[in-house]
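Worksheet for the structure shown next.
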Amino acid sequence: MESEGVKKSILQERVGDRIRCGVCERRCRIVAGGRGWCRTRENRDGTLVTLIYGSVSSIAANPIEKKPFYHFYPGTCAYTVGSWSCNFGCPWCQNWDISKSAPLSNGRYVSPAQFVELTLKSGCQGTSISFNEPVLSLEWAIDVFRLARRRRLYNTFVTNGYMTRESLSLLMDAGLDAINVDMKGDADAVRNYCKGIDVEKVWANCQYARLHGVHIEITTLVIPTVNDAPGTLGGIARRIVEDLGVDVPWHVTAYYPAYRFKAPPTPHSTLERAWHTGKEAGLRFVYVGNVPGHQYDNTYCPGCGTLLIRRRGFDVAANLVRDGRCPFCGHSIAGVWR
């Protein structure tokens, strides 16, 4: 049954004449010969298999800032990989060419060991599973993380956060160090635009990861007519403060028309309003993203206001943080530093 790209799914249970997938919170019940919502899990003769184990759509060495992570080993590089498909149905997807594609039977295969060796040869300091929804590559990610941890590499996820608690726990046990979660909007927007998703499960996973020591940053792609209302952005900012803490970074990033969504690009004024909303809610670190050179793309000390990390696009032009503190006033700067 197993071959390159195909492997038994580690989270499954029989429910009547179907197999229930336990990878994400859709928990699809899959008939014999059928596939789940994301099309990456198939019921073969009563056993659920993943069709994307090591199946690579994209692979590249990226600055960690591109994820974006701004408080996690800034200035380092993460060897980044993506596969196929997604468990969300967002009509504005910026990576739609891979996230809307079913698994390829003749795609490139990279084993966990090969990926870790490529990471080391590239000079990267860690791994990142991204581009499409990474939890769909759960079995492969676990194997990668275990090998990477032994080689003293960090492991990161860029995710919509809709994995089951079982999936998240397995990833953490294997060596997940940091996640960036895309918080797409309020309950109505996420349910309607992302096709039946319950955003409360995303918040619960964020809390669980934070509670168990995983570094977390939140990103909101600010999309006109979807989640750009002051009440929506204010609600997200307050939830970060209340559920995760004032030190969790929030990235409010510019949207550009893509896939099936044709709303105009996000005005810079909307992003700046979102930045002020986050600060007024009590967040210490809010960033304007996808606007290279913007002053709010930098890190300032919440104690004395000194510019501590200056960025040019995805490059770190200057980093004054020393041992996790501002060198001028001694204020602790939350994050994971060199």
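The values are calculated or read from the model by the stated rules, or taken from the named source; none is laboratory data. The shown structure was predicted, so the numbers you read here are calculated from the model rather than taken from an experiment. Every residue, glycine among them, receives a Cβ derived from its backbone with ideal geometry; neighbour counts consider all protein chains shown.
Against the conditions (1) surrounded by fewer than 21 Cβ atoms within 10 Å (Cβ to Cβ); (2) at pLDDT 95 or above; (3) not hydrophobic (A, V, I, L, M, F, W, C), residue 137 satisfies every one except (1). In segment 21-40, the qualifying residues are those that are in contact (Cβ under 8 Å) with a residue 40 or more places away in the chain and touching a Leu at 6+ places or on another chain (Cβ under 9 Å), and the one that is nearest to residue 109 (Cα to Cα) is 40. Screening 39, 18, 26 for residues that are surrounded by 14 or more Cβ atoms within 10 Å (Cβ to Cβ), closer than 26 Å to residue 112 by Cα and not assigned by TED's automatic domain parsing to the domain that holds residue 133 leaves exactly one candidate, 39.
Exactly one residue out of 75, 89 is within 19 Å of the chain's Cα centre (by Cα), within 30 Å of residue 337 (Cα to Cα) and in a loop (DSSP other than H, G, I, E, B), and it is 75.
Number of residues in segment 95-114 that are without any contact (Cβ under 8 Å) to a residue 40 or more places away in the chain and buried (at least 17 other Cβ atoms within 10 Å of the Cβ) equals 2. The combined condition, being surrounded by fewer than 19 Cβ atoms within 10 Å (Cβ to Cβ), in contact with a Cys (Cβ under 8 Å, 6 or more places away or on another chain) and in the same structural domain as residue 290 (by TED's automatic domain parsing), is fulfilled by residue 125. The residue that is surrounded by the fewest Cβ atoms within 10 Å (Cβ to Cβ), counting only those in segment 253-303 that are among the small types (Gly, Ala, Ser) and closer than 25 Å to residue 321 by Cβ, is 293.
The set of residues from segment 140-150 being surrounded by fewer than 23 Cβ atoms within 10 Å (Cβ to Cβ) and either farther than 19 Å from residue 9 by Cα or touching a His at 6+ places or on another chain (Cβ under 9 Å) (or both) comprises 147, 149, 150.
Taking residue 265 as the residue in question, decide whether it is modelled with pLDDT under 95, within 23 Å of the chain's Cα centre (by Cα) and assigned to a loop (DSSP other than H, G, I, E, B).
No.
Being outside any strand (DSSP E or B), within 20 Å of the chain's Cα centre (by Cα) and crowded, with 18+ Cβ neighbours inside 10 Å is the requirement here; does residue 248 meet it? When the stated conditions are applied, residue 248 passes them. The residues of segment 7-20 that are closer than 19 Å to residue 87 by Cβ and in contact (Cβ under 8 Å) with a residue 40 or more places away in the chain, listed by number, are 7, 9, 10, 11. Among the residues making up segment 269-295, a single one is of a type in the set (Ser, Thr, Tyr) and in contact (Cβ under 8 Å) with a residue 60 or more places away in the chain: 287. Looking only at segment 151-189, filter to residues that are surrounded by fewer than 24 Cβ atoms within 10 Å (Cβ to Cβ), among the small types (Gly, Ala, Ser) and touching a residue at least 40 places away in the same chain (Cβ under 8 Å); which one of those is nearest to residue 235 (Cα to Cα)? Once the filter is applied, the top-ranked residue is 189.
Taking first residues from segment 306-320 that are without any contact (Cβ under 8 Å) to a residue 40 or more places away in the chain and partners that are outside any strand (DSSP E or B) and surrounded by 15 or more Cβ atoms within 10 Å (Cβ to Cβ), the Cβ contacts under 7 Å between residues at least 6 apart in sequence or on separate chains come to 306/326; 307/298; 308/301; 308/320; 308/321; 308/326; 308/333; 310/298.
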